[in-house]
Amino acid sequence: MKKLLYITDQQEYADHGTIAPLFGHYLKKYLQVSIVYYTRYKDSFQYKGDDCIVPEEKLHSIIGYLDEEGVDVGSFDFILVRNRFDILRTVLAHRARYGYRVGFRLSFPKNETAYTAMMAKYKRALLPSLALKYKRGRERKLIEACDLFLPSSAMLASGLYPALALPTFPLPAGIDPARIAGPKNDGTAPRRFIYVGSLDPLRRFETLLDAFTALTRLEWSLDISTFDPTYLKTILKGYPMLSGRIRILQAANLSELGRQIGACDVGLALMPALPIFAMTLPAKVMDYYAAGVPALLTDTPKNRDRLRDGDEAFFCTFDAAAIAATLETLIRSDAAHLALVREQGLRRLLGAGRSYDVMAEQLYRRLTAI
């Protein structure tokens, strides 16, 4: 059986939605997979089953470090790197010596996000623009030196690095079939909404809060599950009228996140229609449908290409008035309709190959073809 090493940008104990089920479980049916995580709290190498834990400061020289620790780097047929271009540079530099094939996984373009935030803050951003162009050029050279590029969507690849001269295999967020919840039967008031994921100024979460503020006469509640509660609490200080309606949650693992979502009725995936957010279907949508609730998404071509409005999901423009009107419709909708939309949306996503067991087989075939 061929061997694959997946070097992530995630810390030890991270329960990541794609890494654990796809690489840590389903892909192991076809390949021997070892995953590298990093730690900020230990200064020595550690095995954790088939996986490796390395000190964060060793990531920039990861191949040499693994070799020093007795890992047979030459035994791997494939090495994939997640998001970190500095790690990719190191992996490419040692390819000729060890003979492995190299793939690069781009799940979300952090440099592009930083640039978009800069543009939103400053009207004239010539220097950041030039810096991003130069950086993207260097990144492109590294990607094209690989054997396979694995962006989270084809739109992301063509938008950031058009006409790449290497095989590309889009690898979006998917659904773990082992975690799919059954249909919901609880239709009691108030209507419960949930938002899962990161919060920062670029996502303009205040727009959602403004929309909910217009609906205080109706019965609803909002759960927010995020790893950045400090930023959220700062925002909520400006919305005292929503006190008692909103709960701030954190999930220690995917199972807990699934329970949090499953206790609600509708999942929110509303973000500004910026290019950075419009290139992929939000990963949180997979979490919502797997856990038993339909999603409310920003009305973008990418989102509409994946799900049908009213039948498989709900859509609206990213505007407080439009969001408020859509939320009111959902608050007044009966639970049977919401359940039907969720079931049809889940069926559509799975039928489009968004199940991790299907994706694992497709990834295996693509890797062995390079």
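The values are calculated or read from the model by the stated rules, or taken from the named source; none is laboratory data. Source: prediction; values computed, not measured. Virtual Cβ from ideal backbone geometry, glycine too; neighbours counted across all protein chains shown. These accessible areas exclude ligands, DNA and RNA; they are computed on the full protein's heavy atoms, side chains included. Shrake-Rupley method; radii C 1.70, N 1.55, O 1.52, S 1.80 Å.
Charges on Cβ only, +1 for Lys and Arg, -1 for Asp and Glu, centred on the Cα centroid of the range 253-370; of M286, Y356, A263, which one is farthest towards the dipole's positive end?
Selected residue: Y356.
Lysines within cross-link reach of K42: Cα-Cα under 16 Å, excluding same-chain residues under 8 positions apart?
K58
If you take every DSSP beta bridge fully contained in the chain, what fraction is antiparallel? Give it as a percent rounded to 5. Write out the running numbers ahead of the final one.
Values: 3 of 48 bridges.
Of those bridges, close to 5 percent are antiparallel.
Taking the full set of protein chains and a 1.4 angstrom probe, give the accessible area of R308 in square angstrom, rounded to the nearest 10.
120 Å²
Rank by packing, highest mean first: peptides 130-138, 95-103, 58-66, with packing defined as the count of other Cβ atoms within 10 Å averaged across residues.
Per-residue mean Cβ counts within 10 Å order the peptides as 58-66, 95-103, 130-138.
Which shape class applies to the range 237-319: rounded if a/c is under 1.5, otherwise prolate when a/b exceeds b/c and oblate if not, where a ≥ b ≥ c are the square roots of the Cα gyration tensor eigenvalues?
It comes out oblate by the Cα gyration axes.
How large is the dipole of the range 182-258 about the Cα centre if only Lys and Arg carry +1 and Asp and Glu carry -1, each at its Cβ, rounded to the nearest 20 debye? Show your work: numbers first, answer last.
Details: 10 positive and 8 negative charges, 37 e Å.
Computed about the Cα centre, the dipole is about 180 debye.
Classify the range 310-361 from the C-alpha gyration tensor, please: rounded if a/c falls under 1.5, else prolate or oblate depending on whether a/b exceeds b/c. If you can, show how the numbers build up before the last one.
Values: a/c = 4.32, a/b = 1.95, b/c = 2.21.
Verdict is oblate for the range 310-361.
Report, in listed order, any pair from K237/K302; K237/K284; K29/K133; K133/K233 with a Cα-Cα distance greater than 31 Å.
Values: K237/K302 34 Å; K237/K284 26 Å; K29/K133 41 Å; K133/K233 35 Å.
Flagged as over cut-off: K237/K302; K29/K133; K133/K233.
Is the range 175-244 best put as rounded, prolate or oblate by its Cα gyration tensor, with a ≥ b ≥ c the root eigenvalues, rounded for a/c under 1.5, and otherwise prolate when a/b is larger than b/c, oblate when not?
Judged from the Cα gyration tensor, the range 175-244 comes out oblate (a/c at least 1.5, b/c at or above a/b).
Leaving ligands, DNA and RNA out of it, rank L148, L92 by accessible area with a 1.4 Å probe, largest first. The partial results should precede the final answer.
On the way: L148 0, L92 25 Å².
Accessible-area ranking of L148, L92, largest first: L92, L148.
I'd like the accessible area for D287, computed on protein heavy atoms only with a 1.4 Å probe and all protein chains in place. Round to 10 Å², please.
It works out to around 50 Å².
Work out the length of the dipole vector of the range 235-370 about its Cα centre, built from +1 on the beta-carbon of each Lys and Arg and -1 on the beta-carbon of each Asp and Glu, and round it to the nearest 20 debye.
Working: 16 positive and 14 negative charges, 58 e Å.
For the range 235-370, the charge dipole is close to 280 debye.
In square nanometres and to one decimal, what's the mean projected area of the convex hull around the Cα atoms of the range 249-370? Intermediate results must be reported in sequence, preceding the final value.
Working: hull surface 35.9 nm².
Orientation-averaged projected area of the Cα hull: 9.0 nm².
Using only Cα atoms and rounding to the nearest 10 degrees, what angle (0 to 90) does helix 335-351 make with the longest principal axis of the chain?
20 degrees
For Cα Rg over 2.2 N^0.38 Å, the choices are [x] 1.52; [y] 1.20; [z] 1.03; which was calculated from the structure?
After the calculation, the listed value that fits is [z].
On a 1.4 Å probe surface of the protein chains, which of K284, K184 comes out largest in accessible area, and what is the full order?
Details: K284 25, K184 55 Å².
The ranking, largest first, comes out as K184, K284.
Out of the chymotrypsin sites (Phe, Trp or Tyr not before Pro) in the range 218-267, which ones are loop residues according to DSSP with at most 13 other C-beta atoms within 10 Å?
F227
Considering only C-alpha atoms, what is the centroid distance from the range 40-99 to the range 15-38, in Å?
16 Å
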